[in-house]
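Take a look at the structure set out below.
Any read-out appearing in this document is the output of simple, stated calculations on the displayed coordinates, not a laboratory observation. None of these values were measured; they are calculated from a predicted model. In this analysis, Cβ positions are derived from the backbone assuming ideal geometry, glycine residues included, and neighbour counts consider all displayed protein chains.
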Amino acid sequence: MTLSVAEEKRILLDILEIKKDVLKMIFQAQSGHPGGSLSCANIIYLLYNNIMKINREDPQWNKRDIFILSKGHAAPALYAVLSKLGFIKREKLFTLRQFGSDLQGHPVKNPKLGIEISTGSLGMGLSIGVGCALAAKLDNNDRMIYVLLGDGELNEGSIWEAVMAGNHYKLDNLIAIIDRNGIQNDGSTEEIMALEPLAEKWKAFGWEVIETDGSNLREIIQGFERCKNILGRPKVIISYLIKGAEVSFMQHTQKYHGRAPNEEEFTLALKELENIEKNIKRGIIYND
Amino acid sequence: MIKADLRDTFGEFLVKLGKKNYNVVVLDSDLSYSTRTNKFAKKFPSRFFNMGIAEQNTLGTALGFAISGKIPIVSGFSIFTTGRAWEFIRFACHDNLNVKIITTHSGFVGGDGSTHNALEDLSLMSSLPNLIILIPTDNIELIKMLEFTFDTKNPFYIRLPRGYFPKIHDEDYEFLIGQPDILKDGDDICLIGTGYGTLLALESTPDIEKELKISIKIINLSSVKPINNKTLIKEIKKTSGVVTIEEHNIYCGFGSILARIISENYPMPMKFIGINESFGQSGNREKLLNFYGLNKNKITEQIRNLLLSRKR
Ligand SMILES: Cc1ncc(C[n+]2csc(CCOP(=O)(O)OP(=O)(O)O)c2C)c(N)n1
């Protein structure tokens, strides 16, 4: 798939809209996980917008591809994308984490809103993905299953049990995406529980490994397209993303992993995203 | 009113303990800032082990430390530690190992929501032989409990909340394992609380006594396992009904444990206040407590029901 310049511009602007919504939601709630919601917002958007087979009229269409947000604390990013698709009303976004809201701090299964399953306790999503992939094969349903994992989340042993099962059952309809932003709750992944050499680990477990620069839109899309053509084994995309995304003071730090921005920080963060927005509108694109 | 976050008390206690006892090691699963084990980590980096987001391996490692003569303290969020690593905890209890599991974020956690609430951990823990289960109401009680915990070679589970809680005990309070702590005497109805349940009982009682024109006895039972049946029965005997209060599911929770003891030893009418068949949701703590029935009106209603059943 080749993107026209206009299409690329629209996507970049959409993603920025989503990131701004994420910040607003978390700011309004005064709790949540900005760093890891911002990092993977582009991946979730591209999956739904460019890669996954979905029906925008019907989130429960039975041929749809399945997305599982294993790193459930990035819920605001998922909600914002689902609202862009029209599955969640935009006003609802700003009820995040409030009493009575469908939009809890972590996703709660809600087929009408497009939320496939509850997540938030880390380490469960890939096993669930294995189940969906096996079921799809039994049903001759040619859907793909996408599971977004945190890199810190890979500390969980259950992830590696699922990695083995994915290879054992040759689940070529299963695609894991790792948000390789390098930071978990207490610090960097390498200082808390070293993951490297990460690509080699997945390769040794029998998975096709694709590494992408997560801030390069074309590379992300190409990575997913390549996945579709590889048969006979499960695939993982290690996506090098940035915790905090474009918000300079949230980058590469655990400080905003589980902490909402205050008023001053929020204003500053929004301003940074708006500046990028202006540049894109002027035709300055940072991609490539 | 003086309020304290029990997590801070816990974190500071660990530092003091670490200075005195070189066998103490602390393990956390990537939540050391939230649980406050980071204070120990900073002071004693060589005896602190961040095991990453891997609750099972964290517990397993603690078992290894325990059979090697160390005193491992495992911390994390209540639901992940007790839920994900349950069978490892079962083995710690099976072999009666000196493992101290002290977790935070029990009960309602606030915005994180239903996936993070710990409303089932007592059910999971209370069936385990050898395990001592403690729930403090304030920081004074917590310190006394922790002193007892590290004087006793046994597996422990201590369940801490998140947030600020008022002080209800005096500095000279004596924590006695298994013993009911009588906070107020009364003749008609006995409220037995644990953790926040006790605070709610204390807070609600003056109004309820006025409204229903009765006198209420309040017992704080911070020792959920073991419980000294004899003293408990002696304390409740003179009243005509018991209401239990817990920030936990009422199925197989604190109230259920008391129901067994009371029905077996001195049957009397009981009512149970706690979360009923729900995982809860996101939201502000006051709203959640109120919505799920941990409030004064609910206690009043249950006492009324008890008084009516007595007349029948
Ligand atoms: C089983 C479990 N243990 C602990 C947590 C608490 N927790 C939430 S997010 C997080 C860190 C996640 O790091 P990572 O997977 O790298 O996420 P990202 O950096 O992409 O946000 C932790 C420890 C949890 N949600 N589930």
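Computed quantities for the displayed model
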quantity	calculated
Coarse-grained scattering of chain A at q = 0.15 Å⁻¹, given as base-10 log I(q)/I(0) from a Debye sum over alpha-carbon atoms	-1.16
Segment A:5-281, relative contact order in percent, only Cα pairs under 8 angstrom and at least six apart counted	23
Relative contact order of segment A:133-288, defined on C-alpha pairs under 8 angstrom at six or more residues apart (%)	23
Interchain or long-range residues, amide H under 5 Å from residue A:212's placed H	A:238, A:239, A:240
Computed FRET value (nearest 0.05) for residue A:109 with residue A:9, which takes r as the C-beta separation and R₀ as 25 Å	0.10
Rounded to 5, the percent of DSSP beta bridges in segment B:3-166 classed as antiparallel	20
Per DSSP, loop chymotrypsin sites (Phe, Trp or Tyr not before Pro) in segment A:214-273 with at most 15 further Cβ within 10 Å	none
Those trypsin sites (Lys or Arg not before Pro) in segment A:89-152 that DSSP places in a loop and that have at most 13 other beta carbons within 10 Å	A:89, A:109
Residue-averaged [θ]222 nm for chain B, counting only DSSP H segments that reach four residues, each worth -39500 (n - 2.57)	-12500 deg cm²/dmol
Helix-only [θ]222 nm of chain A, DSSP H runs n ≥ 4, -39500 (n - 2.57) each, per residue, nearest 500	-13000 deg cm²/dmol
Spin-label pair residue B:68/residue A:168, simplified geometry with 7 Å Cα→Cβ offset, distance in nm	3.0
Efficiency of FRET from Cβ geometry, residue B:8 and residue A:2, R₀ 41 Å, rounded to 0.05	0.10
Low-density loop cleavage sites - GluC sites (Glu not before Pro) in segment B:189-294, where at most 16 other Cβ are within 10 Å (DSSP)	B:277
Given charges at beta-carbon only (K, R positive; D, E negative), |dipole| of segment A:1-50 in Debye	140
FRET efficiency, residue A:204 to residue B:91 (Cβ-Cβ, R0 30 Å, nearest 0.05)	0.50
Alpha-carbon gyration tensor eigenvalues x 5, square-rooted, for chain B, Å	34, 19, 18
For residues of B:54-67, the mean tally of beta carbons on other chains within 10 Å	2
Label-to-label distance, nm, for residues given as residue A:135 and residue A:231 (7 Å Cα→Cβ offset)	2.6
Magnitude of the charge dipole, segment B:181-311, Cβ model with Lys/Arg +1 and Asp/Glu -1, debye to 20	320
Calculated over segment A:55-96: convex hull of Cα atoms, volume per residue (Å³)	69
For segment B:257-305: span of alpha carbons on each principal axis (Å, largest first)	40, 23, 13
Shape parameters for segment B:181-311, alpha-carbon atoms, Rg then Dmax in Å	13.8, 41
Antiparallel bridges, percent of DSSP beta bridges restricted to the protein assembly as shown (to nearest 5)	15
Antiparallel DSSP beta bridges within chain A, as percent of all bridges there, nearest 5	10
Average beta-carbon neighbours from other chains, 10 Å sphere, peptide A:146-154	1
Over 27 Å between alpha carbons, listed pairs A:19/A:109; B:184/B:271; A:112/A:278; A:203/B:42; A:137/A:243	A:112/A:278; A:203/B:42; A:137/A:243
For segment A:67-82, Karplus couplings with θ = phi - 60° (6.51, -1.76, 1.60), whole Hz, Gly/Pro x	10, 10, 8, 5, 7, x, 5, 8, 3, x, 5, 4, 4, 5, 5, 5
Taking all pairs of distinct alpha-carbon atoms in segment A:101-241, Kirkwood radius in angstrom	15.7
Share of alpha-carbon pairs per 10 Å distance bin for the protein assembly as shown, given as whole %	3, 16, 25, 23, 17, 10, 4, 1, 0
Lysines with Cα under 22 Å of residue B:43, excluding same-chain neighbours fewer than 8 positions away	A:255, B:16, B:19, B:20, B:70, B:100
Rounded, prolate or oblate (a/c below 1.5 giving rounded, otherwise prolate when a/b exceeds b/c) for segment A:1-120 by Cα gyration tensor	oblate
Label-point gap, in nm, between residue B:238 and residue A:63 - each point 7 angstrom along Cα→Cβ	7.7
Nearest-20 debye value, the protein assembly as shown charge dipole, Cβ charges on Lys, Arg, Asp, Glu	840
Convex hull of segment A:223-274 built on C-alpha atoms - directionally averaged projected area, nm²	5.3
Packing-based ranking, highest mean first, of A:9-20, A:180-191, B:184-195 given that Cβ atoms within 10 Å are counted	B:184-195, A:180-191, A:9-20
Average other protein chain Cβ within 10 Å of Cβ, residues A:121-132	2
